[in-house]
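J.: Have a look at this one.
The values are calculated or read from the model by the stated rules, or taken from the named source; none is laboratory data. Keep in mind that this is a model prediction, so the values were computed, not measured. Note: ideal-geometry Cβ built from the backbone for every residue, glycine included; neighbour counts use all protein chains shown. When the accessible area is computed, the model is the full protein with side chains, heavy atoms only, and any ligands, DNA or RNA have been set aside. Shrake-Rupley method; radii C 1.70, N 1.55, O 1.52, S 1.80 Å.
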Amino acid sequence: MKKGFTLAEVLITLGIIGIVAAMTIPTLLQKNYERQTVVKLRQTQSILTQAIRMTEEEYGDIENWGIKTKDVNSIKKAADNLKHFLKIAIDCGTNDVKGHCVPANGYRTFAGGIDSVSKGYRTSPYYYKMSLLNGTSIWFVAPDPKTYGAILWFYVDTNGKSLPNTIGKDLFLFSYYNKSLYPEGGPNSPYVRECSMNRSWGCAYYVLHNNNMNYLRKIK
C-alpha cells in the first residue's frame, strides 16, 4: 500500500511555508533595496567628484565662479560648466514643472511628515535639477555661506523621483567645501548633521562610511 500526504497535511505545510515567506520576504527585499542604495550613492559620489574635478580643470576652481546665494544666473552658470562632464538623461533646469527630476509633493522625514523646504525644490529657480543616466536625480544650490560655509550643496536621490522619497532613505546631501565634496554628517562637513529620527540630513556619511543603512533599524 502506497503512503502519501493527506490534504490536511499538505494544507498545513503550505500554511507554514506561507507564514515563513511572509516573515522573510519583506526583510530580504528591504536588505536588497539598501544594498542597491549604498551602491548607487557611492557611484553617484564618484560621478560628481570626477565631474567637479574635470570641470575645474576646464573652468578653474569653483570658488572663482562667482556663485552667489539666491542668484539664478550664477547657479545656471555652474550648471552649464558641470553639464559638460555629466551623463545627463533629462535636464530639468531650474524649474522642473513637469516633475521629471523631483517629486511634486516633496520628501518625507523619518517621522513621516513632509519636509517643508523640500516641497519647493521642484520649482525653485535657485535649485538646478537633472536626472543622470545611472537613474539618480541630482540638484544643487548655493547655500548661505555665512550660515553653512559650503559653496554648493548637492542633493542626490538614488532612485530618481520614485518612492520612498524620504530623506535618509533615498535622498542624501553632499557639500562642496574647501575644494572637496563631502557627504553630510561627517567630521569634515561644514555644517555637521546627525543621522537620527529627528535629523536625517546627515545620513550620507553614515551610508558611505559604514557601507550599510543599519540606522534604519533604529528608526521606528
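J.: Which of the cysteines found in the chain have nothing to pair with, since no other Cys Cβ lies under 4.7 Å from theirs?
T.: None - each cysteine has a disulfide-compatible partner (Cβ-Cβ under 4.7 Å) in the chain.
J.: Could you work out [θ]222 nm for the chain from helices alone, using -39500 (n - 2.57) per DSSP H run of at least four and dividing by all its residues? Round to the nearest 500 deg cm²/dmol.
T.: -12000 deg cm²/dmol
J.: Computed from the coordinates I sent, P(r) over Cα pairs in 5 Å bins from 0, in percent equals one of (1) 1, 7, 13, 18, 18, 15, 8, 4, 3, 3, 3, 2, 2, 1, 1, 1, 0, 0; (2) 1, 7, 15, 18, 20, 16, 11, 7, 3, 1, 0; (3) 1, 6, 10, 10, 8, 7, 7, 6, 5, 4, 4, 4, 4, 4, 3, 3, 3, 2, 2, 2, 1, 1, 1, 1, 0, 0, 0. Tell me the label.
T.: Label of the calculated value: (1).
J.: Oh, and also: With every protein chain present, what is the per residue accessible area of segment 52-180 (1.4 Å probe, Å²)?
T.: Here the per-residue accessible area is 46 Å².
J.: OK, next. Roughly to the nearest percent, how much of the accessible area of segment 91-220 is carbon and sulfur, given a 1.4 Å probe?
T.: Reported share for carbon and sulfur atoms: 49 percent.
J.: Just name one of Asn64, Leu86, Val117: the one whose Cα is farthest towards the positive end of the charge dipole of segment 56-150 (beta-carbon charges, Lys/Arg +1, Asp/Glu -1).
T.: The Cα lying farthest towards the positive end belongs to Val117.
J.: Still on this structure: Mind giving me the nanometre distance, one decimal, between the label points for Asn178 and Gln30, set 7 Å out from Cα along Cα→Cβ?
T.: Result for the modelled spin labels: 3.7 nm.
J.: Using a Förster distance of 30 angstrom, determine the FRET efficiency expected from the C-beta separation of Asn105 and Ile12, and round it to 0.05.
T.: Efficiency at R0 = 30 Å is approximately 0.10.
J.: Probe 1.4 Å, all protein chains in place: accessible area of Val39 in Å², nearest 10?
T.: Approximately 100 Å² of Val39 is accessible to the 1.4 Å probe.
J.: How much length is gained if the chain between Val117 and Gln50 is pulled fully straight, taking 0.36 nm per residue apart and subtracting their Cα-Cα distance, in nm to one decimal?
T.: Full extension of this stretch gives 21.2 nm more.
J.: Please arrange Ile52, Ile12 by accessible surface area, largest first, computed with a 1.4 Å probe and ligands excluded.
T.: Final ranking, largest accessible area leading: Ile12, Ile52.
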